[in-house]
Each structure stands twice: as C-alpha cells, then as structure tokens.
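Right, one structure below, let's go through it.
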Amino acid sequence: MSMRSSFDIAVFEGDGIGPEIMRPTLALLDRVARRHQLSLRFNEVPAGAALYASTGEALPAASMEAARKADAVLLGAMGLPDVRYDDGTEISPQIDLRKELHLFAGVRPVTLSEDQRSPISIEPGRRVDFVLIRESTEGLFWSLGRGEVTADEARETLVITRETSQKLFRFAFDLAARRKSEGRGTGRVTCVDKANVFRAFAFFRGIFDEEATKRPDLAANHAYVDAMALHMIQKPWDLDVLVTENMFGDILSDLGAGLMGGLGVAPSADIGDQHAVFQPCHGSAPDIAGQGAANPHAMILSAAMMLEWLGHQHQVTTAISAGDELRRAVERTLSEQRGLTRDLGGDCSTEEAGRAVAELLEGVTA
Ligand code: ATP
C-alpha cells in the first residue's frame, strides 16, 4: 500500500455547539494519528449562521475553495434559529457543500450493543451494526426552493435520475462488500422504497435490480419504507446495508439515531466520488450551546469515519486502523458507561466525555 501519511482537513466548526464538540474531536484525532504515524493538518474555515449575521455571507467563496482543495471536510454544526435569509429560510451551508461537491451518498451507521442505553432491548449476545445510505442530492429534496404554492394547491416534485441512482447503488454494494470482508455484515443490500405505489420508486427499484445482477457475490432484496420503519425497531440486528431516497432517508436516519440512544451519538458522512464531509446527524443545539454540556460522541464517530474513508480512498491501511481504533474507543465508553453527558443520563461535561474516550484509546487494540 502507498506511503502517504499526511492529510489536509478543512474544519468547519460552525454554530452553536459546533466549536464545543470540535475541540475534543481534534485533540483525539491528533492523538490517534500520532499513534499510527499519520499527520493531519487542520485548516479552520469560517462559515455558518453566526458568520452570516456578522458579515452577510454564510459560505464565503474562499471557504468553499478550501473545502474543495482539502482531502476531507470535518463539520461541527451549522444554523441558528434566529438567523435567517431574507426569504425566511434557514442558513444551511452544509446543504450548499453537498450540492457543490456532489456528495450523493449520505452514510448513517447505526450501531448498538446490548449494554448501551436504547429505547429497545437487544437479545443477549446480539449487536446492531447496519448502515443507512440516504441519497442526498435529488429525490423529494430536489424540490427545495422550487415548490409551487397557490391559495388552493401546493406541489413539490420528486426527481430520481438513472445516473445518480446507479452511482448510489454501486456505492451501497461496494460498502456491503467491504463490510462483509471485515466481518461486520452478511453482504446484503436492501433497497428501501415505495415501489408498490409510485412509478418513480419502481424506476428506482429497477435500477437497483440491474446493479444487483452485476454483484453475484452479494445478496440484494427490497423493503417498503413503512415496513422498514417497523423492522428497524423490531429486528435491527438483521440489517446490513440499506439504501434509499433522500426524504425517506432523512426520516429513517433519525429513527436510527433514536435506536442508538439519541442524536448525541449518531455520526454521518456525505460522500461523493472525490470529496466527503463528515458531521454529526444533529444540528447546532442552540438550547444547550455555551454550557459545555454537549455530547461530542457523534462528532468523534464522524471523525473516525473520516479516517476510515481517507484510508480506503488513498489505500493507507494505517488510517483505516486509526479510524477503527477511535470508533471502538467511543463504543467502549458507551457500553462501559464512562464519561456520559446529560443526554445519555450522565453528568459529565463535553471535555470529560472526550477525556474518557482518550483514556480508552490507549487500551484499544486495532
Ligand atoms: P437541525 O434542523 O439543524 O438538524 P434540529 O432542530 O433537529 O437541528 P438539533 O440542533 O439537532 O435540532 O437539536 C435537537 C435536540 O437534540 C435539542 O434539544 C438538542 O439540545 C439535542 N442535541 C443535539 N445534539 C446534541 C448533542 N451533541 N449533545 C446533547 N444534546 C444534543
């Protein structure tokens, strides 16, 4: 494998709790990188609602350029309830980044062990470990800003294209193959749709089936989105890789975060062919910002996904091991209930939660 060991990371701390959860995350990244002879260069980049309030710009061209040039982007959270554009819509540069960098695959891992806090109980010896892939550039969200509303009627249009769907499904099958080789999944991709009611979803499913025939090494099946919501609650340990449309993925990914014990522990990545942005599923949590009480786990797990992605993208095995080690250290703090913040029933600060992960990091063997 290649000898590359240094990566440039654009860091968007953003608004609200963004800077608070980023601080321990960067410290942990430094630590785990050093253990694996990697060098990460962090370039802090301004963007967000607070920036818009003070300068009139939410995502300056120079920040967009820094994101494009970086090997990967780490993002805290963006948006504040009181800061809006003139038309009343929220400031969300993360959506602009997604569009500009063509990040079509929203990757939302859901993991849960039997001793972790969750609204569901897991049978002893079982473990939940699946990944939801949400298409992130079209679907019903294509209609963003394009809806037609009159006094008597409102219309929004859902768009599914062959090109993006093919890329999405190939991404899903590749991920399933990798998970299978790592012993984390059975190598099965489930297309989640509503093909029994809508032509657009029958089209989506048809493209999925075409891609599935090219992957005889893997299994493929389908589920309607309503049935999948039930399945995620009743037997989440059965699932491997799920792939779905933007709006369905938006809803199911919060259900996944709920299974894991809340937004504070749910990581995500938005991935394209060349670029990727790693950020927690949650927003800027203005209700708890400035208290030092935010849970950094989702941010740290997103950073672990970044290391693994960089490793696969550039064939650097040490980065894959570093990401794996960081993820497992967070998982252990959760199952051993160490350094838990308020949202998880503990009373630790953001800093203490980060420190608990750091202590375990040394003890986790990759
Ligand atoms: P957005 O629309 O920007 O995604 P949202 O309106 O869904 O955001 P969040 O900012 O995600 O809202 O917050 C939802 C709730 O979850 C809030 O009560 C918030 O305090 C809580 N929350 C979110 N993230 C965290 C975290 N990391 N630690 C603790 N609590 C959190």
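The values are calculated or read from the model by the stated rules, or taken from the named source; none is laboratory data. Since the model is a prediction, treat every value here as computed from it, not as a measurement. With ideal geometry, Cβ positions are generated from the backbone for all residues, glycine too; neighbour counts draw on all protein chains shown.
Take the conditions within 16 Å of ALA298 (Cβ to Cβ) and either crowded, with 20+ Cβ neighbours inside 10 Å or more than 20 Å from the chain's Cα centre (by Cα) (or both) and apply them to ILE21. Does it pass?
For ILE21, the condition - within 16 Å of ALA298 (Cβ to Cβ) and either crowded, with 20+ Cβ neighbours inside 10 Å or more than 20 Å from the chain's Cα centre (by Cα) (or both) - is met.
Any residue in the stretch 54-66 that is assigned by TED's automatic domain parsing to the domain that holds SER335, of a type in the set (Gly, Ala, Ser) and within 15 Å of the ligand (Cβ to nearest atom)?
The answer is yes, given that some residue of the stretch 54-66 is assigned by TED's automatic domain parsing to the domain that holds SER335, of a type in the set (Gly, Ala, Ser) and within 15 Å of the ligand (Cβ to nearest atom).
Does GLY256 meet the test of being in contact (Cβ under 8 Å) with a residue 24 or more places away in the chain, buried (at least 20 other Cβ atoms within 10 Å of the Cβ), closer than 24 Å to ALA70 by Cβ and touching a strand residue (DSSP E or B) at 6+ places or on another chain (Cβ under 7 Å)?
Here the answer is no, as GLY256 does not meet what is asked.
Could you check, for the stretch 220-239, whether at least one of its residues is within 16 Å of the ligand (Cβ to nearest atom), of a type outside the set (S, T, N, Q), surrounded by fewer than 21 Cβ atoms within 10 Å (Cβ to Cβ) and over 17 Å from the mean Cα position of the chain (by Cα)?
Step one: filter the stretch 220-239 for residues within 16 Å of the ligand (Cβ to nearest atom), giving none.
Checked the stretch 220-239: no residue is within 16 Å of the ligand (Cβ to nearest atom), of a type outside the set (S, T, N, Q), surrounded by fewer than 21 Cβ atoms within 10 Å (Cβ to Cβ) and over 17 Å from the mean Cα position of the chain (by Cα).
Can we say SER268 is outside any loop (DSSP other than H, G, I, E, B), of a type in the set (Ser, Thr, Tyr) and surrounded by 22 or more Cβ atoms within 10 Å (Cβ to Cβ)?
In short, yes.
When you scan the stretch 313-327, how many residues do you find that are of a type in the set (Val, Ile, Thr) and without any contact (Cβ under 8 Å) to a residue 60 or more places away in the chain?
The initial filter retains those residues of the stretch 313-327 that are of a type in the set (Val, Ile, Thr), namely 316-318, 320.
If we keep only those that are without any contact (Cβ under 8 Å) to a residue 60 or more places away in the chain too, we end up with 320.
Here the count works out to 1.
Is it fair to say ALA289 is surrounded by 23 or more Cβ atoms within 10 Å (Cβ to Cβ) and either within 13 Å of the ligand (Cβ to nearest atom) or at pLDDT 95 or above (or both)?
Considered against the rule, which asks whether it is surrounded by 23 or more Cβ atoms within 10 Å (Cβ to Cβ) and either within 13 Å of the ligand (Cβ to nearest atom) or at pLDDT 95 or above (or both), ALA289 comes out as no.
How do the pairs read when you match residues in the stretch 277-289 that are in the same structural domain as ILE17 (by TED's automatic domain parsing) with residues anywhere that are more than 6 Å from the ligand (Cβ to nearest atom) and among the basic types (Lys, Arg), using Cβ under 7 Å and keeping only pairs 6 or more apart or on different chains?
Qualifying pairs under 7 Å: CYS281/ARG108.
Answer yes if at least one residue in the stretch 126-141 is within 20 Å of the chain's Cα centre (by Cα) and farther than 30 Å from LYS180 by Cα, and no otherwise.
Taking every residue of the stretch 126-141 in turn, at least one turns out to be within 20 Å of the chain's Cα centre (by Cα) and farther than 30 Å from LYS180 by Cα.
Scanning for something more than 16 Å from the ligand (Cβ to nearest atom), in the same structural domain as PHE203 (by TED's automatic domain parsing) and of a type in the set (A, V, I, L, M, F, W, C), does the stretch 244-251 turn up at least one residue?
Looking for residues that are more than 16 Å from the ligand (Cβ to nearest atom), in the same structural domain as PHE203 (by TED's automatic domain parsing) and of a type in the set (A, V, I, L, M, F, W, C), one finds at least one in the stretch 244-251, hence yes.
Criterion first (within 16 Å of the ligand (Cβ to nearest atom) and of a type in the set (Ser, Thr, Tyr)) does SER321 satisfy it?
In short, no.
Please name all residue pairs, on different chains or six or more residues apart, with Cβ atoms under 7 Å, provided the first residue is in the stretch 294-312 and is without any contact (Cβ under 8 Å) to a residue 12 or more places away in the chain and among the aromatic types (Phe, Trp, Tyr) and the second residue is buried (at least 24 other Cβ atoms within 10 Å of the Cβ) and not in a helix (DSSP H, G or I).
Close Cβ pairs satisfying both conditions: none exist.
I need the full set of residues from the stretch 271-286 which are more than 8 Å from the ligand (Cβ to nearest atom) and in a strand (DSSP E or B), in order please.
Within the stretch 271-286, ILE271, ALA276, VAL277, PHE278, GLN279 meet the criteria.
Report yes if VAL265 is within 16 Å of the ligand (Cβ to nearest atom) and farther than 26 Å from PRO119 by Cα, otherwise no.
So VAL265 does not fit the description; no.
Among the residues of the stretch 90-131, which ones are in a strand (DSSP E or B) and more than 16 Å from the ligand (Cβ to nearest atom)?
Correct list: ALA105, VAL107, PRO109, VAL110, THR111, LEU112, SER113, ARG127, VAL128, ASP129, PHE130, VAL131.
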